[in-house]
Amino acid sequence: MLFRSEPGSTSLVALPIFHVAGAVTLLFAMVHGARAVVIRDIVPPELAKLLSEQRINYAFLTPTVIHFILAVPGTENLDFSAMKHLFYGASPISEDLLKRAMARFPCQFSQVYGMTGATGVVTALPPERHVPGKLLSCGSAVPGVERSEEHTSELQSRLHLVCRLLLEKK
């Protein structure tokens, strides 16, 4: 399972709940019996301190937020050892930023791409595929998503779940 948390663990919900990443992060924390720390605004120094003090185990952050956290003076003195899995997405990430994040956060990394209108994740780059030469990959289609690369400039996805739900309503 790509998204997960464990009973007794702590998940950070740093993205808006109306965004699929925020909603899924909160949902999986609740379903798995984890504590969810929900923040209203991204204030990098406060967020860096919160990650350390609240012993956050799971988080979904955008590349911009990861960059801001790493740029906070004194971040190198904070303890992020509780972090087990950092999910990132919602925009592309540079290889340099990803390498710096992987060096700073001692955890697994997963990249996910999707959109709220597609009911969530479309492609994912799981931890075992975070290897040199593949860090900028969008990953592979997740179960339930069919990829067609008919056009070189776009990736088309057909989501069976959406189609099935729409058909069942009729």
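The values are calculated or read from the model by the stated rules, or taken from the named source; none is laboratory data. Everything numeric in this text was worked out from a predicted model, so none of it was measured. Every residue, glycine among them, receives a Cβ derived from its backbone with ideal geometry; neighbour counts consider all protein chains shown. Heads up: the accessible areas ignore ligands, DNA and RNA and are worked out on the full protein's heavy atoms, side chains in. Shrake-Rupley method; radii C 1.70, N 1.55, O 1.52, S 1.80 Å.
Quick grid of which residues meet (1) of a type in the set (Lys, Arg); (2) within 13 Å of the chain's Cα centre (by Cα); (3) farther than 28 Å from Pro143 by Cβ:
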site: Ser9; (1), (2), (3): no, no, no
site: His19; (1), (2), (3): no, yes, no
site: Met30; (1), (2), (3): no, no, no
site: Gly33; (1), (2), (3): no, no, no
site: Pro44; (1), (2), (3): no, no, yes
site: Lys49; (1), (2), (3): yes, no, yes
site: Glu53; (1), (2), (3): no, no, yes
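There is at least one residue in the range 126-136 that is open to solvent by 10 Å² or more (accessible area, probe 1.4 Å), under 12 Å from the mean Cα position of the chain (by Cα), under 26 Å from Ala34 (Cβ atoms) and in contact (Cβ under 8 Å) with a residue 24 or more places away in the chain.
Given the criteria in contact with a Phe, Trp or Tyr (Cβ under 8 Å, 6 or more places away or on another chain) and open to solvent by less than 20 Å² (accessible area, probe 1.4 Å), does Met83 qualify? Spelling it out, Met83 is indeed in contact with a Phe, Trp or Tyr (Cβ under 8 Å, 6 or more places away or on another chain) and open to solvent by less than 20 Å² (accessible area, probe 1.4 Å). Of all the listed residues (Phe109, Phe105), the sole one being closer than 16 Å to Pro44 by Cβ, under 17 Å from the mean Cα position of the chain (by Cα), aromatic (Phe, Trp, Tyr) and modelled with pLDDT of 90 or more is Phe105. Looking at Phe28, is it more than 14 Å from Phe105 (Cα to Cα), assigned to a loop (DSSP other than H, G, I, E, B), modelled with pLDDT under 95 and not small (Gly, Ala, Ser)? Judged against the criteria, Phe28 is not a match.
With respect to Ser91, is the statement that it is more than 12 Å from the chain's Cα centre (by Cα), under 21 Å from His130 (Cβ atoms) and part of a loop (DSSP other than H, G, I, E, B) true? Judged against the criteria, Ser91 is not a match.
Within the bounds of the range 56-64, is there any residue that is out of contact with any strand residue (DSSP E or B) (no Cβ under 6 Å at 6 or more places or on another chain), assigned to a loop (DSSP other than H, G, I, E, B), open to solvent by less than 30 Å² (accessible area, probe 1.4 Å) and within 18 Å of Met102 (Cβ to Cβ)? Yes, there is a match, as at least one residue in the range 56-64 is out of contact with any strand residue (DSSP E or B) (no Cβ under 6 Å at 6 or more places or on another chain), assigned to a loop (DSSP other than H, G, I, E, B), open to solvent by less than 30 Å² (accessible area, probe 1.4 Å) and within 18 Å of Met102 (Cβ to Cβ).
Given the criteria among the acidic types (Asp, Glu) and either modelled with pLDDT under 95 or part of a loop (DSSP other than H, G, I, E, B) (or both), does Asp79 qualify? Judged against the criteria, Asp79 is a match.
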